[in-house]
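Notes follow the structure.
The values are calculated or read from the model by the stated rules, or taken from the named source; none is laboratory data. None of these values were measured; they are calculated from a predicted model. Backbone-built Cβ (ideal geometry, glycine too); neighbour counts: all protein chains shown. To get the accessible areas, we keep the full protein, side chains included, count just its heavy atoms, and leave off ligands, DNA and RNA. Shrake-Rupley method; radii C 1.70, N 1.55, O 1.52, S 1.80 Å.
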Amino acid sequence: MWITALVLGFALIWALAYWGAGTGVWIATLAAGLTAFTLSADAGWQINLPLWLSAAAFIVILGVPRVRRRYVTAPLFRQFKKVMPPMSQTEREALEAGSVWWDAELFSGRPDWARLLNLPRPHLSQTEQNFLDNETETLCHMLDDWRITHENKDLSSEAWHYIKEQGFFGLIIPQAYGGKGFSALAHSAVVMKLASRSITAAVTVMVPNSLGPGKLLLHYGTREQKQHYLPRLARGEEVPCFALTGPDAGSDAGAIPDRGEVCYGEWQGERVLGVKLNWEKRYITLGPVCTLLGLAFKLYDPDHLLGEQTYRGVSLALIPRDTPGVHIGERHVPLDIPFQNGPNEGHDVFVPMSQLIGGQTFVGQGWRMLVECLAEGRGISLPALSVGAGKTACRFTGAYAAIRRQFNVAIGRFEGIEEPLARIASLTYQMDAARTLTLGALDIGEKPSVISAIVKYHLTEKYRRCINDAMDIQGGSGICLGPSNLIGRAYQAIPIAITVEGANILTRSMITFGQGAIRCHPWVLKEFQAAQQADTERGLSDFDHAIFGHVGFLLGNLARSLFLGITRGRLSRAPVDGPTRRYFQQLNWMSAAFALSADVAMMTLGGALKRKERLSARLGDILSELYLTSAVLKRFEDQDRPEGDLPLVHWACTNSLYRMQESFRLLFRNLPLRPLAWILRLMVFPSGGPYTETRDRVDREVARLLLSPNPSRDRLTDGIFTTLDPRYRQGQIELALRQAAVVAPIERTLRDARRAGLLRSEGYEAQIDEALTEGVINTGQAEDLRHMQVLRRQVIMVDSFSDYGKQFTLNARQTRKPAIYAV
């Protein structure tokens, strides 16, 4: 009887916690349980009376708000204020910037999949598609990346003129100001296509449309500033740059030493109130060619011309290049990717208050303005560049693996090559899914700062992995630079993408979870805000609501983690049936486990978690993989579940689940409170870790998608520059791949004939002649084989130079006698 009651009681408590029951339900359940126990059990008043008294005390203390706040919440509130980690003004502004979106659902432990799947699939307008198909395509044909990177060290004058004339610098500027007014999706699509042709051109176009004067003016500019500058930026009459980073302030941009002082000075012949500026900046993209310089600096008002405060905070200004005191330095050389980049300085540069972005209204709000714009821009430009590189590797390295032969077999058929090919294809699928999902959020008005950090970090890291794998596959043809090398410059540019817009080490170890834990958690930010309330009574009331909501949240995720861990998610709800159902269920499990682990880490380490960067990084990795896997499932549904893409979905989801498991394992292994770590490990994985790396069979299925023309390959690489024109390297590879598909059955016929003893010739050409003579193949098939040999030879040859650095020759492809390969 007692055992049964205990079991039923535990099951009831677990169910209430699992479903997140409110305080009233808990109290009613407690009263009903005690009533049933009193009536059914012959326990006597000696047991019943203490139980009822204890329950009454529990109900009064926790169920009566005034009593609870005085005796429970107030002591907790005082202790919370003592242990709450200090927060700088820049940290506070970063936390308040942007919005939370799907990341909050993943942090909740019970994601609402309908919210994700019902999000409209992003699509380009007809105008945007026309711009991609015409102006962007034309620009791609104008670009010669070898001449840009090796000879001219810059875009051609024709390309610069075309970019300005056709409005590439005004993609995000509304049509009312002469811009294109494109969506985030269109902006990304333009950058991605250009990146597949020339990273230099992609960077040149993406910077004015990302964090810079244009975006800042759109959000914060005065009416006069918008009317004057936005049309000029849209027409390319002004070339903008934004100067933030300096020698003494890189990742810690809040520590910028650059200074402005409010004073009176002369501007265009008049004495006006303004700011005298002194600065030193570096790494400024488009800086060497800019005509309008955006500047971040700390503003001081020593004479109190604006008010009583002396330090006014970080502010932003627009400074014409020809303003006296401005000095534009020489160019930096970022790994031989020659987009315009360099230092600049200003010495006693005076500008009026009207040149501060937003005027006096936004004085001192510069850091928040920057972080909010970065929350949006960071999710567009670098992810687009990264996906463009991944798609290029998929399409052309995959084709190379089908064309290049060793030991009489296409190298893409070797298991050692299948593994990196599968990784390139699946990571690119995941990258593009995350890019598209994030752009969809931006285009409905969200500014998901945590998600933008996730996609910036993970997509640039996956870009690094894809291009490294492509290099391994292509070998010598990858490392020999020249017009024929489609991945060499992408390889050189990897550290640039890793470094800019928030260095990846910093983003992973301090931003993703450090910012996400407070922004995305349903209660932590409310607790922080309550502790910072000037009104103590209001703060106590808010804290009371938040802390007990937090307790319920914790209990709910504890119950969910244990149950989903025991069942491995099998009994949880999934929004779809079919091949992806189990992935949704497993993400339910991982989401609950993540929410529980994050809460335990924050409660036990408190402010110390801020310094435990590797623990924070692992929690951030789990949140990131949850988001990336959600994006994969969303993409598969949006594209109407194409069966041919299932190997990509299986690989991406399996890989992410395994990476989540390993991040959990390392988190538990390194938590300082060892007994708690063991208990947490048991709660999350009660039957052990179920996930492994992808199977060889899945690798093979994915790799085969890249080795021949097929719809899955076209979907995967959609949006990059391709052509069938043999004057372009891309066209040579495409034509050779198509021919390889034509001759594949003919080559199998030759192999079978040789095994049967019908053919004895050793050389490839001799085999063709003998097979034709013996009637194994016909004349047309023989011509197809010979044509394939010419195309294969063209693809596998690399460039050589008669006078290195000045003139290249194509004698390798034009004058050497084709080699003969046996089949």
What size of dipole, in debye to the nearest 20, comes out for segment 221-325 about its Cα centre when the only charges are +1 on Lys and Arg C-beta atoms and -1 on Asp and Glu C-beta atoms?
340
Gain in span if fully extended, residue 641 to residue 472, counting 0.36 nm per residue against the direct Cα distance:
57.6 nm
Return one quarter of the surface area of the convex hull spanned by the alpha-carbon atoms of segment 609-679, equal to its mean projected area, in nm².
5.5
For the chain, give the percent of accessible area contributed by carbon and sulfur heavy atoms, probe 1.4 Å, rounded to a whole number.
54
Name the residue farthest towards the positive end of the dipole of the chain from the options 710, 324, 551, assuming +1 on Cβ of Lys and Arg, -1 on Cβ of Asp and Glu, about the Cα centre.
551
Going down the table (456/634; 276/447; 447/526), which pairs top 24 Å between alpha carbons?
276/447
Could you pull out every Cys in the chain that lacks a partner Cys with its beta carbon under 4.7 Å away?
140, 263, 373, 394, 466, 480, 520, 653
Based on the Cβ-Cβ distance from residue 153 to residue 778, what FRET efficiency comes out when R0 is 51 Å, to the nearest 0.05?
0.45
For segment 260-314 versus segment 195-253, the gap between their alpha-carbon centres in whole angstrom:
18
Highest mean first, how do 717-725, 779-787 rank when packing is the count of other Cβ atoms within 10 Å averaged over residues?
717-725, 779-787
Shape of segment 311-462 from its Cα gyration tensor (a ≥ b ≥ c, root eigenvalues): rounded if a/c is under 1.5, otherwise prolate when a/b > b/c, or oblate?
oblate
Full-extension gain between residue 761 and residue 175, please, as 0.36 nm times their residue separation minus the C-alpha to C-alpha distance.
204.1 nm
Do you know the relative contact order of the chain, to the nearest whole percent, from alpha carbon pairs under 8 angstrom that are 6+ apart?
15
For a protection proxy built on the mean count of beta-carbon atoms within 10 angstrom, sort 371-384, 333-346 highest first, please.
371-384, 333-346
Apply the Karplus curve 6.51 cos²θ - 1.76 cosθ + 1.60, θ = phi - 60°, to the phi angles in segment 458-466 and return the couplings in whole Hz, x for Gly and Pro.
6, 6, 6, 5, 6, 4, 4, 5, 4
Taking every pair of Cα atoms in segment 399-455, average 1/r, invert it to obtain the Kirkwood radius, and report Rg/Rh to two decimals.
1.29
Rg to Rh quotient for the chain, alpha carbon positions, Kirkwood Rh:
1.05
PRE zone check, label point 7 Å out along Cα-to-Cβ of residue 718, amide N under 11 Å, scope segment 113-154, hits 122-124
Estimated 222 nm signal from helices in the chain, with DSSP H stretches of n ≥ 4 weighted -39500 (n - 2.57), rounded to 500
-17500 deg cm²/dmol
Can you compute 3J(HN,Hα) from phi for each residue in segment 349-365, using the Karplus curve 6.51 cos²θ - 1.76 cosθ + 1.60 with θ = phi - 60°, rounded to whole Hz and x for Gly and Pro?
7, 9, 9, x, 4, 5, 8, 6, 4, x, x, 5, 4, 10, 4, x, 9
Two-decimal ratio, segment 517-650, of alpha-carbon radius of gyration to 2.2 N^0.38 Å:
1.29
Counting only DSSP beta bridges with both residues in the chain, tell me the antiparallel percent, nearest 5.
80
Quick one: order 435, 321, 755, 568 from most to least accessible surface, probe 1.4 Å.
755, 321, 568, 435
Going by amide H atoms built from the backbone, whose H comes under 5 Å of the H on residue 267, apart from near neighbours?
272
In debye to the nearest 20, the charge dipole size for segment 157-299, taken about the Cα centre with +1 at each Lys and Arg Cβ and -1 at each Asp and Glu Cβ, equals 360
Peptides ranked, highest mean first, by Cβ atoms within 10 Å: ranges 102-113, 596-607
102-113, 596-607
Potential extension, residue 673-residue 535 segment - 0.36 nm per residue separation minus Cα distance
46.1 nm
Check the straight Cα-Cα distances from residue 610 and name the lysines below 17 Å, setting aside those fewer than 8 residues away within the same chain.
81, 82
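With N set to the number of residues, divide the alpha-carbon radius of gyration of segment 685-748 by 2.2 N^0.38 Å and report two decimals.
That works out to 1.66 for segment 685-748.
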Would you pull out the residues with amide H under 5 Å of residue 246's amide H, same chain only if 5 or more places away, H placed 1.01 Å from N?
282
Residue-ordered couplings for segment 113-122, obtained by feeding phi - 60° into the Karplus form 6.51 cos²θ - 1.76 cosθ + 1.60 and rounding to whole Hz (Gly and Pro as x), are 5, 4, 4, 6, 6, 7, 5, x, 5, x
Binning at 10 angstrom from zero up to the longest distance, how are the C-alpha pair distances of segment 644-786 distributed in percent?
10, 22, 19, 19, 12, 10, 6, 2
Taking amide H positions as placed in the peptide plane 1.01 Å from N, state which residues far from residue 332 in sequence (5 or more) or on other chains have amide H under 5 Å from it.
341, 342
